[in-house]
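Trainee: The following block contains the structure, expressed as structure tokens.
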Amino acid sequence: MRVHGPASSGWLLVALCAATGAYCLLRMRSGVEEQRRAAGGEALMGFGMAAMAVPAAAFTPPSWAWPVYAAVFGAAGLHALWAARASARHLHHLVGAGAMVHMAVTAAASPGHGHGGSGVPLLTGALLLYFTGYVLVTGVRLVPAATAAVTGGPAGWGDRPELARACRLSMGMAMVAMLLTM
């Protein structure tokens, strides 16, 4: 799954995902255990998305990289499935990991060709619908959180809910962009 089209948009996607992953690493220093756990998975997702979004003109990964991506995100999906027993919030992480596995498997099966012009397959279309809805809902929820945070007093970098939502929103938008390139 290489980002096709102008290289500048691919590099912007790489920068967005890498910056989001870096902030999620900072969030792992939170005093709240649930925040730390969520931030670790989100950091993995951000850096994985950044690596997968590198424009094909700049770097073509070796053929073994795609199965490695699929295995890493498959393991992350299993972890999210296990965590979903305690909280349904982890189901989103499961869908995100599944989307990453889907993109890696698609790229491995057809490197550099996406879906070969066959239209939008059912799974890709379903993932696009899910992440588009997620972006819209998260964006709406972000506005009240940002307003409340301004009046709520200081919080540590890892415990700012509006920043965590903004990171999730940016990763959701990046996922939509990546799925559109398939």
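The values are calculated or read from the model by the stated rules, or taken from the named source; none is laboratory data. What you see is a predicted model; the values in this text were computed from it and never measured. Neighbour counts are summed over all protein chains in view; Cβ atoms, including those assigned to glycine, are modelled from backbone coordinates with ideal geometry.
Trainee: Out of the range 118-154, which residues are within 19 Å of His102 (Cα to Cα), surrounded by 15 or more Cβ atoms within 10 Å (Cβ to Cβ) and at pLDDT below 90?
Mentor: Within the range 118-154, no residue meets the criteria.
Trainee: Condition first: small (Gly, Ala, Ser) and buried (at least 16 other Cβ atoms within 10 Å of the Cβ). Now tell me which residues in the range 57-73 satisfy that.
Mentor: If the condition is that a residue be small (Gly, Ala, Ser) and buried (at least 16 other Cβ atoms within 10 Å of the Cβ), then Ala65, Ala70 are the ones that fit.
Trainee: State all residues of the range 51-110 that are assigned to a helix (DSSP H, G or I), among the small types (Gly, Ala, Ser) and modelled with pLDDT under 90; if no residue qualifies, say none.
Mentor: Across the range 51-110, the qualifying residues are Ala83, Ala107, Ala108, Ala109.
Trainee: OK, next. Show the residue pairs that are 6+ apart or on different chains and have beta-carbon atoms under 6 Å apart, the first residue being within the range 10-27 and surrounded by 21 or more Cβ atoms within 10 Å (Cβ to Cβ), the second being polar (S, T, N, Q).
Mentor: Here the result reads Thr20/Ser170, each pair linking the range 10-27 to a residue that is polar (S, T, N, Q).
Trainee: All but one of (1) over 18 Å from Arg168 (Cβ atoms); (2) in contact (Cβ under 8 Å) with a residue 24 or more places away in the chain hold for Pro61; state the number of the condition that does not hold.
Mentor: (2) is the only condition that Pro61 fails.
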